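Structure record follows, encoded as structure tokens.
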Amino acid sequence: MKAIGSALVEDWPMSHLHYLGVLLFIGLCGIGVNFGFKSGLTKRWRIFFATDIGILIVYLAWDSWAIHKHNWFFDAKQIIGVHLFNHIPIEEILFFMVVPFTTVATFLALKKLTGWEADRT
Amino acid sequence: MGGRSHVIYSDIALDAVMIAIIADLFILRTQMVTRGLFWLSYGLILPFQLLTNWWLTSKSIVMYTPDAIIGRRLAGAPIEDLLFGFSMILLTLALWDYFSSKSSERNG
């Protein structure tokens, strides 16, 4: 049993979760800001959805091209190993969702805290 | 052959900043770059970008081909990442503001 268990761990070590860990950190910052300051972002999820579709289209196109051209590349041992179109790690798609979420949450929290632009939606 | 492939990330990162500014000022007309709230948000997010850049590059989760970047680095990541990050934060907030005002128009 022990041999089987260690063989599994060797095949797929926890290091595969490293990139995901970075995303978890960014996401938890966003969730903390959103609920801690009641930014109201989750109530307006449709607007965020539309925003993120735009970001995903633009930045995944760039990412796809850059990975294809080898501008940047990923350590296969530190990503889950699931890819979109056979070359974009799933973590990249999550990155372009989690970072915009945290960005908008920060913007809305600062708007509330400073009272600036109180006349704008 | 070599000349054309050199400094690709740098060129595109600069284009991305220009596209985001043009979208903000002239297409979406959200004027983010003229608003204090935008710059305050960017100022708060930037140190976190540097932190995660350092995290991703110091552990070699993400690596860059030397030919695609000018070679100067900040917090472990190519200096071009600042342009990439700025363009994405600007475009995200411009799109958010654009869709927010659209939806409030519709609701009266």
Among B:Ile27, B:Ile21, the single one that is surrounded by 14 or more Cβ atoms within 10 Å (Cβ to Cβ), β-branched (Val, Ile, Thr), more than 10 Å from every other protein chain (Cβ to nearest Cβ) and more than 30 Å from A:Gly21 (Cβ to Cβ) is B:Ile21
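Within the range B:66-81, count every residue that is in a helix (DSSP H, G or I) and in contact (Cβ under 8 Å) with a residue 12 or more places away in the chain.
Of the range B:66-81, the ones in a helix (DSSP H, G or I) are B:66-68, B:80-81.
Okay, now just the ones that are also in contact (Cβ under 8 Å) with a residue 12 or more places away in the chain, so B:67-68, B:80-81.
Count: 4.
Here is a yes/no grid of residues against (1) within 11 Å of chain B (Cβ to nearest Cβ); (2) under 19 Å from B:Leu90 (Cα atoms); (3) surrounded by 13 or more Cβ atoms within 10 Å (Cβ to Cβ):
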{"residue": "A:Leu20", "(1), (2), (3)": "yes, no, yes"}
{"residue": "A:Gly32", "(1), (2), (3)": "no, no, yes"}
{"residue": "A:Gly36", "(1), (2), (3)": "no, no, no"}
{"residue": "A:Ser39", "(1), (2), (3)": "no, yes, yes"}
{"residue": "A:Lys43", "(1), (2), (3)": "no, no, no"}
{"residue": "A:Ile47", "(1), (2), (3)": "yes, yes, yes"}
{"residue": "A:Asp52", "(1), (2), (3)": "yes, yes, yes"}
So if I check each of A:Gly40, A:Gly81, which one is at positive phi and modelled with pLDDT of 95 or more?
A:Gly81
How do the pairs read when you match residues in the range A:19-32 that are under 15 Å from A:Ile80 (Cβ atoms) with residues anywhere that are surrounded by fewer than 16 Cβ atoms within 10 Å (Cβ to Cβ) and of a type in the set (A, V, I, L, M, F, W, C), using Cβ under 8 Å and keeping only pairs 6 or more apart or on different chains?
A:Tyr19/A:Ile80; A:Leu20/A:Ile80
Given (1) surrounded by fewer than 18 Cβ atoms within 10 Å (Cβ to Cβ); (2) facing chain A (nearest Cβ under 9 Å); (3) at pLDDT below 95, number of the condition B:Ala68 does not satisfy:
(1)
Taking the range A:79-112 as the region of interest, how many residues are of a type in the set (A, V, I, L, M) and loosely packed, with under 13 Cβ neighbours inside 10 Å?
1
Can you spot a residue in the range A:113-120 that is surrounded by 17 or more Cβ atoms within 10 Å (Cβ to Cβ), within 10 Å of chain B (Cβ to nearest Cβ) and of a type in the set (A, V, I, L, M, F, W, C)?
no
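The values are calculated or read from the model by the stated rules, or taken from the named source; none is laboratory data. Quick caveat, the model's predicted, so the values are computed rather than measured. Reconstructed Cβ throughout: ideal geometry from the backbone, glycine too, with neighbour counts over all protein chains shown.
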